[in-house]
Amino acid sequence: MNFQQFKDEYLKIVNFKNKDFKNFVNFVSRNYRFKRIFRYKKQFAIFVPHQIISNVVLCSHFDTVIDNGKVYIDRKKEVFFGAIKGDCRAGVLMMLKLSEKGRISILFNGEETGAWGVRKFCEKFNYIQEKIPELRNISFFIEFDRKGRGQFICYNHDNKDLKNLFIENGFIEEEGIFSDISVIEENLNYCGINLSIGYYNNHTEYELLKFEDWLYTYEKVQPIISKFYDKFEFVEKIKRKYWDFDFDRHIYYEQKEIEKDWDKLKKYLGYCEWCGSLKEVAFDSYFQGYLCKDCYFEVREELSQEYF
Ligand SMILES: [Zn+2]
Ligand SMILES: [Zn+2]
């Protein structure tokens, strides 16, 4: 796939607003080649290709934090920037392209607002398996919803064989807190893995999508998802506490200093990755994620108690 093709398809997908889930699924059925499409209300849709060449199931989410805004394109650098919905429409395009070629995929809605689409999917899973026999023999799930280039995250499991499969194929492990795939892991006991799709600064109007980084995953993942596997057993991960994350330094924080630090940060309306509430949030480089003010304080309080 070259940038021109990517750009044409991506712009069509970016055009859909959050409320357009149903229209989007109709759009997919007109423009992509699937044998069957199952849509469950506005909550999720399952795409079954004509020929199935793998029992790895792909997924991504339709909803975006920023629903409106301008998209700019730097054709020379092959980069999109602005309110580009890279999280997670870049994943949606990846999923559809790879799914057409022989893998079942699932589009979830509501990842950014409590993951209600994937929760409904888990609730209905037995019913779904009755309706779609192809989903009775799943090895593991891949989600396309991670920022950056060539990274993967496993949230709740610690299956070394699965991780090595991705490491051998050019991916690097990172830490993360939550995504649709972690809900699947918790509820259905399958392993999941979330892969980079080339966006940066998500949940902002200054988002960036590098085609080169998107393409990296698109190409590297194909050999992995071109065969059938036994089920990768769900080996529960011993969760590290968040102060064990690789912070480069630990500082004792005075209340006043924390106030000052918080004031200096750029704030957005979004979901706090610690408490999950919709609030003004800011990117915290220690936590490596978005936090609301209360959680920003809490993280520092815990840090200072732990180390001093
Ligand atoms: Zn996302
Ligand atoms: Zn997001």
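A short reminder: the numbers here are calculations on the coordinates, not readings from a lab. Please read these numbers as outputs of a predicted model, since none were measured by experiment. No Cβ is skipped: glycine too gets one built from the backbone with ideal geometry, and neighbour counts run over all protein chains shown.
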Margin query: Using the Karplus curve 6.51 cos²θ - 1.76 cosθ + 1.60 with θ = phi - 60°, what ³J(HN,Hα) values do you get for each residue of the stretch 259-266, in whole Hz, with x for Gly and Pro?
Written below: 3, 5, 4, 4, 4, 6, 7, 7
Notebook entry, point to check: What nm value, rounded to one decimal, do you get for the distance between GLU212 and LYS124 when each label is placed 7 Å out toward the C-beta?
Noted result: 4.2
Next item on the list: With a point put 7 Å past each Cα toward its Cβ, work out how far GLU186 is from GLU301 in nm, to one decimal.
Entry: 2.3
Next item on the list: Kindly work out what percent of the DSSP beta bridges joining two residues of the stretch 142-243 are antiparallel, to the nearest 5.
Entry: 40
Notebook entry, point to check: Of all trypsin sites (Lys or Arg not before Pro) in the stretch 184-228, which ones are in loop regions per DSSP and have a Cβ with at most 11 other Cβ atoms within 10 Å?
Noted result: LYS227
Next item on the list: Have a look at the DSSP beta bridges in the chain and tell me what percent are antiparallel, nearest 5.
Entry: 65
Next item on the list: Count neighbours as other Cβ atoms within 10 Å of each site's Cβ, and list the trypsin sites (Lys or Arg not before Pro) in the stretch 1-44 that are DSSP loop with at most 15 such neighbours.
Entry: LYS17, ARG33, LYS35, LYS41
Next item on the list: Compute the distance in nm between two label points, each set 7 Å from the Cα along the Cα-to-Cβ direction, one at PHE38 and one at LYS267.
Entry: 4.4
Checklist line | Likely footprinting exposure, PHE234, PHE47, fewest C-beta neighbours within 10 Å first | finding: PHE234, PHE47
Note to self: With n ≥ 4 as the cut-off for DSSP H runs, can you work out [θ] at 222 nm for the chain, using -39500 (n - 2.57) per run divided by the number of residues, rounded to the nearest 500?
What the structure shows: -10500 deg cm²/dmol
